[in-house]
Amino acid sequence: MVSLSFSFSYNGMIAMVVLMFTAIVILMSGFKSPMRKWICFGLSAISIAYLSYIMVWHETIGNGQRLDWYLVGIVGIAASLGMAGIGFMDMVKPVALPVVVKSDVIPPTPSSVEKIEEQETIAEDEQSDEEKTAEEERMRKEELIGKVMPWFLDQLVQYSDEEQAAIKVCAISFVYENVIPEPELTINTNSLYSQSRIIEMCSAFYLLGNTKDDCVTFVKKVFSEAFANTEDSTIAKKIKGAERMLLLIDTYWEAKMLAIKNNT
């Protein structure tokens, strides 16, 4: 048997053991890959062999060796076995696979993207058509008001100036705000304005889109004295239709344009 001679001090032995296990702990905590398992297991095996050598085969054993050496050896082997066990468990433990989280939201395919874009385009076109239709309706009504209101006001010339002004305020509020205020003064009964003529005048509002009931309310509220004893249903029956009123107003404007042309 080959005799090996080693010179160890107690403090050197302690320092060696501490450094060895410190290195093992650092390696275990620092490595994030499977290599850590093999390093931990290998260093633990080396430390077991080294401390076993000190306990059993070292040539100075029994020659005045202090008891502290044995204690260090026992503690070192126990720690090394524990470290080896940790490394072994870490080695054989199943590797956790990454969890694939299934999302309820299905990513759009090219065909679905095209369909979404097509639907958005259709929605935009429909919105544009609605806006265009609304704008055309607004312009048509403005044009119609520009024909109807001058005609209506021209029919009031045989009332007094104060009565004309009061009727005009009520008519403008009715047309633009759909509100029928009380006239500032009472519109007196005028022999030049029969009930039929007043109803015909107020039928122009029906041409602008107001309901017959609204027109009846206007007649009863603004010309209250002339219709004090007249039933609403009687007035409603005499409201002129839109086509007839449009023909009447167009005839008025044609005559007016012709008169202006003749005067010039």
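The values are calculated or read from the model by the stated rules, or taken from the named source; none is laboratory data. Every value quoted in this text rests on a predicted model; they were computed, and no experiment measured them. Using ideal geometry, Cβ is built from the backbone for each residue, glycine included, and neighbour counts are taken over all protein chains shown. The area values use the complete protein model at the heavy-atom level, side chains included, leaving out ligands, DNA and RNA. Shrake-Rupley method; radii C 1.70, N 1.55, O 1.52, S 1.80 Å.
Please find, among 156, 144, the residue that is touching a residue at least 12 places away in the same chain (Cβ under 8 Å) and part of a loop (DSSP other than H, G, I, E, B).
156 is the lone residue from the list that is touching a residue at least 12 places away in the same chain (Cβ under 8 Å) and part of a loop (DSSP other than H, G, I, E, B).
Among the residues of the stretch 212-233, what is the count of those that are open to solvent by 60 Å² or more (accessible area, probe 1.4 Å) and either among the polar types (S, T, N, Q) or farther than 21 Å from residue 177 by Cβ (or both)?
Looking only at that region, the number is 7.
Residues of the stretch 223-240 being touching a residue at least 12 places away in the same chain (Cβ under 8 Å) and under 54 Å from the mean Cα position of the chain (by Cα), which ones?
223, 224, 232, 235, 236, 238, 239, 240
Filter the stretch 167-191 for residues that are part of a loop (DSSP other than H, G, I, E, B) and either more than 45 Å from the chain's Cα centre (by Cα) or among the aliphatic types (A, V, I, L, M) (or both) and give the result.
Across the stretch 167-191, the qualifying residues are 179, 180, 182, 183, 184, 185, 186, 187, 188, 189, 190, 191.
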